[in-house]
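Student: The structure is given below, and queries will be raised subsequently.
The values are calculated or read from the model by the stated rules, or taken from the named source; none is laboratory data. Only a predicted model underlies this, so the values are computations on that prediction, with no experimental measurement involved. Cβ coordinates were reconstructed from backbone atoms using ideal geometry, including for glycine residues, and neighbour counts include every protein chain displayed.
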Amino acid sequence: MSIVNVNRPDSATQEPPFPVARIREDFPALQQKVHGKPLVYLDNAATSQKPASVIDAVTRYYTTDNANIHRGVHALSVRATEAYERARLLVRDFLGAAEAKEIVFVRGATEAINLVAHTFGRSTIGEGDEIVITTMEHHSNIVPWQLLCQQTGAVLRVVPINDSGEVLMDEYAKLLGPKTKLVAVTHVSNSLGTINPVREMIESAHQCGAKVLIDGAQAVPHMKVDVRDLDCDFYAFSGHKVFAPTGIGALYGKAELLEAMPPYEGGGEMIRSVTFESTTYNDIPHKFEAGTPNIAGVVGLGAAVEYLESVGLDRIAAYEYELLTYATEALQAAGGVRLVGTAAHKAAVLSFVLDAVHAHDVGTILDREGIAIRTGHHCTQPVMERFGVPATTRASLAFYNTKEEIDVLVASLCRVVEVFG
Amino acid sequence: MSDLFELYQELILDHNKSPRNRRKLDCPCKSAEGYNPLCGDRVTVFVKVKDGIVEEVTFEGTGCAISTASASLMTQCLKGVKVEEAKQLFEKFHSLVMGDAEKSDEGPELGKLAVFSGVCRFPARVKCATLAWHTVNEALDEEGDKVVSSE
C-alpha cells in the first residue's frame, strides 16, 4: 500500500481521542436541523460540507482581492495572482508532487479525466491499442475512454472484481500486454468503498510500458496520497469532495508527459504568442488553463487543503477506520441488511440493501429522520449489475461524523422495517 | 413521521407487497418500456385495446414501493376504460402527485388513485409515481415498442 497508516491506528502509542466535537463546530452546515431533527450528513461521497475557513476564504477573495490573474499590474490583480498560485503550491504539497507546474486546475475529476483522454489519449493511443479499466469505475472513468476508443479504434478492456468488490489481480495481470497504452483505475470506489492496490497496479502497468491515470476523487478526502510514491502518471480529484467549493479540481501529471501533450482548450492564458499564421503555447500548467479560471474556487481549494493538513490526514484516516468498523458491525447486527462491498481494505463507505425494501424508499424515510444518504446506482451501473441489485443505499462518512450518528442511522433503519412490516 | 404515513398508506404498502397484474400480456398488444435513470427503476407496460376500450393492462419490472404500487393500481384503474378517458386519468393523476389542486377537480374520478395524494409533499418521488403512467401513455400512442423515461 502506498498510504502510511491508512487503516489501522497504532495501538501502542496513546493518541489523544479525535476532537470530533470541536471539528464539527468548523462546519456551519452541520449545525442545522432537517425536518425538525439534527442533520446527520452521510452523503460525503457525493459531496462534502465546507468548513468556515473555506467559505471565509472565498468571501474574502470576492470582498477584497477580486481581479483577473496573470496579466494585470494593479494591486488587486497581483493579490489575486498570488492567491491563485499559492493554492497551486498547496495542492502540490497535498499530493506530494515534485513541482507546482505538474498541477493543472480543472473543474473537477471528470474534466481532469476528459483532459487526459483528449490530449494524451488522442496523441498517443491509436487503432488496436488497449485501455484497461476496472468494473468498479465511476461513469466518469468509463465514458471518456469509450469515446476515445470510438474515435481512435482503440479497445477498452475491463478487469473483473470478486464478490467482496476487490479487483482480481490475476485477471488484471492477464489483461496487461504490449498493446496496453493506458490503465485508468479508481483509487477508492465510490459505491463499494474498496481501496485498490494502485501502487502494485501502477508497477505492473509500467512494466508493460503503459501509463496510469488514478481517479483519486474518493481517496484524497480520506487518506494521505503521495503521487511520487505511487509513481502514477496522472492523478485526478475534485475539490468539492475534499471540503472545497464545487466547480474546481486538479489534475496532477508528470511534467514530461504534460509538456509533450497537445493543448486541451484554446483561448487566452494558454498561449505565448498568437498570429493568424501560427500560435505558440504557454508553458505547463498554463497551457491547459485556457480562459479566466475559477479563481475563487482555487482559493477555496487552497483553504480546504490547509484545513485538512491542520487536522492531519493520518489522524483522519485512523478515526474514519474506527467509524467504519463501528458502522459495519452495527449494520451487520441490525439484521436484514446486506452490505455490498466488503473488501479487506476499505474507506468509510457503506453500501447496502435491505430485504424487501427498495433503496429509494429507505432514502425517503431516512430523510424524514434528518439523515442524508444516497440511494441509486451511484454513477456505477456496471457495479450494480455485477452485484445483481438495481440500486443500493449508501452511507459515506467523513471525519466530522460520529458514532452517535451511526446509532441514529441504525435506529432509523429499524423504523424503515417497521413501516414496511 | 405523519407525512410518511400519508405517503406510505396501507393500500400502497399492500400493492407493493402483492402487485396486481404483474405479468406479460399475450400478443397482440401494445407495449412500452419506462426507465427512471435517477433510481434505475424499469417497467414494461402491456396494453390490449379493442374498439377504443382498454381491455387489459399488465406490467413487468421492479422498483420502489411507490412505483410498484402505482403501476399495480394503474392496471386496475385502466381496465375497461376508453382510451380517451385513460389519457384524462393520466393527466389528473399527474396533477394530483404534482400538487396541482385546481386541475384535479376536472375529468374522470380518481377513485383509489387518490391514495397517492401524499406524493406531492415528496418532490423527489413524483417520478416514481408517474413512471408507469408515462409508459402506458406511450404504449397507447405508439404502434410499436418504445422506451420512455420519466426524467
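Student: Name, by its number, the condition in (1) surrounded by 24 or more Cβ atoms within 10 Å (Cβ to Cβ); (2) in a loop (DSSP other than H, G, I, E, B) that does not hold for A:Thr246.
Tutor: A:Thr246 satisfies all of (1) surrounded by 24 or more Cβ atoms within 10 Å (Cβ to Cβ); (2) in a loop (DSSP other than H, G, I, E, B) except (1).
Student: A further question on this structure: Step by step: first the residues of region A:390-409, then only those that are within 14 Å of chain B (Cβ to nearest Cβ) and hydroxyl-bearing (Ser, Thr, Tyr), then the one that is nearest to A:Thr380 (Cα to Cα). Which residue is that?
Tutor: A:Thr392
Student: To continue, here is another question. If we keep just the residues of region B:23-53 that are free of Cβ contacts under 8 Å to residues at least 60 places away in the same chain and either in a strand (DSSP E or B) or within 14 Å of chain A (Cβ to nearest Cβ) (or both), which is nearest to B:Lys82 (Cα to Cα)?
Tutor: Here the answer is B:Ile53.
Student: State whether the residues of region A:281-294 include one that is aliphatic (A, V, I, L, M), in contact with a helix residue (DSSP H, G or I) (Cβ under 8 Å, 6 or more places away or on another chain) and touching a residue at least 40 places away in the same chain (Cβ under 8 Å).
Tutor: Yes - at least one qualifying residue is present in region A:281-294.
Student: Take the residues in region A:180-199 that are of a type outside the set (S, T, N, Q) and in a loop (DSSP other than H, G, I, E, B), then tell me which one is nearest to A:Asp233 (Cα to Cα).
Tutor: Result: A:His187.
Student: Something else: Using beta carbons and a limit of 8 Å, which pairs, at least six apart or on different chains, have the first residue in region A:1-30 and closer than 17 Å to A:Lys50 by Cα and surrounded by 12 or more Cβ atoms within 10 Å (Cβ to Cβ) and the second one at pLDDT 75 or above and among the small types (Gly, Ala, Ser)?
Tutor: A:Asp26/A:Ala52; A:Asp26/A:Ser53; A:Phe27/A:Ala52; A:Pro28/A:Ala52
Student: Let me ask you something else. Would region A:5-16 turn up any residue that is hydroxyl-bearing (Ser, Thr, Tyr), modelled with pLDDT under 95 and over 27 Å from the mean Cα position of the chain (by Cα)?
Tutor: Yes, region A:5-16 has at least one match.
Student: Would a scan of region A:124-146 turn up a residue that is free of Cβ contacts under 8 Å to residues at least 24 places away in the same chain and over 19 Å from A:Ala255 (Cβ atoms)?
Tutor: Yes, some residue in region A:124-146 is free of Cβ contacts under 8 Å to residues at least 24 places away in the same chain and over 19 Å from A:Ala255 (Cβ atoms).
Student: Moving on. Being out of contact with any His (no Cβ under 9 Å at 6 or more places or on another chain) and within 14 Å of chain A (Cβ to nearest Cβ) is the filter here; which residues of region B:61-92 pass it?
Tutor: B:Gly61
Student: If you don't mind, there's one more thing I want to ask. When residues of region B:50-80 are filtered for being hydrophobic (A, V, I, L, M, F, W, C) and surrounded by fewer than 17 Cβ atoms within 10 Å (Cβ to Cβ), how many remain?
Tutor: Residues meeting the conditions: 1.
Student: I need the full set of residues from region A:363-389 which are assigned to a loop (DSSP other than H, G, I, E, B) and at the interface with chain B (Cβ under 8 Å from one of its Cβ atoms), in order please.
Tutor: Selection gives A:His377 alone.
Student: Report, by residue number, each residue of region B:1-22 that is acidic (Asp, Glu) and facing chain A (nearest Cβ under 9 Å).
Tutor: B:Asp3
Student: Follow-up question, since we're still on this one. Just give me the residues in region A:339-362 being facing another protein chain (nearest Cβ under 8 Å) and not in a loop (DSSP other than H, G, I, E, B), in sequence order.
Tutor: Of everything in region A:339-362, those that are facing another protein chain (nearest Cβ under 8 Å) and not in a loop (DSSP other than H, G, I, E, B) turn out to be A:Val357, A:Ala359, A:His360, A:Asp361.
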